[in-house]
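S.K.: I have a structure I would like to understand better, so I am pasting it below and will then ask my questions one at a time.
All of the numbers you see were taken from the coordinates with simple rules; none came from a lab. Just so you know, these numbers come straight off a predicted model, no measurement behind them. Because the Cβ atoms are built from the backbone with ideal geometry, glycine has one as well, and the counts that use them run over all protein chains shown.
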Amino acid sequence: MVINYSTSAAGSVRVEIQDGRGIPLEGFTVNDCDEIYGDQLERVVTWKGSSDIGRLAGQTIRLRFELKDADLFSLQTRQRNR
């Protein structure tokens, strides 16, 4: 998952992935998400250092964004070349 965002010096972005009912998925909770700060056009979101969300392919998911003094402009998911 790649995001385009901007935060203040004290701001941050974190992303949680939930199942279709809104229950956080193990390994993808907001607390597992590595805090993101700054201003980037294409920043890969990571959870405990990993960006691999391939195991979620085909599942219905929800995304919850925690924004602290931040703006989120866009997000993309990309398939890795293997």
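S.K.: I'd like the Karplus ³J(HN,Hα) series for segment 40-45: coefficients 6.51, -1.76, 1.60, θ = phi - 60°, whole numbers in Hz, and an x wherever there's a Gly or Pro.
M.R.: 9, 7, 9, 10, 6, 7
S.K.: Out of residues 5 or more away from Trp47 or on other chains, whose amide H comes under 5 Å of its own, with H placed 1.01 Å from N in the peptide plane?
M.R.: Asp34
S.K.: Per residue of segment 14-22, in order, report the coupling 6.51 cos²θ - 1.76 cosθ + 1.60 (Karplus, θ = phi - 60°) as ³J(HN,Hα) in whole Hz, putting x for Gly and Pro.
M.R.: After applying 6.51 cos²θ - 1.76 cosθ + 1.60, I find 9, 10, 10, 9, 10, 6, x, 9, x Hz.
S.K.: Once you keep just the Cα pairs under 8 angstrom separated by 6 or more residues, what percentage relative contact order results for the chain?
M.R.: Here the relative contact order equals 48 percent.
S.K.: Related question: Calculate, in whole percent, how much of the Cα-Cα pair population of the chain lies beyond 19 Å.
M.R.: Value for the chain: 35 percent of Cα pairs lie more than 19 Å apart.
S.K.: Got a sec? Charge dipole of the chain, +1 on Cβ for Lys and Arg, -1 for Asp and Glu; which of Asn4, Gln76, Thr29 is way out at the positive end?
M.R.: Of Asn4, Gln76, Thr29, it is Gln76.
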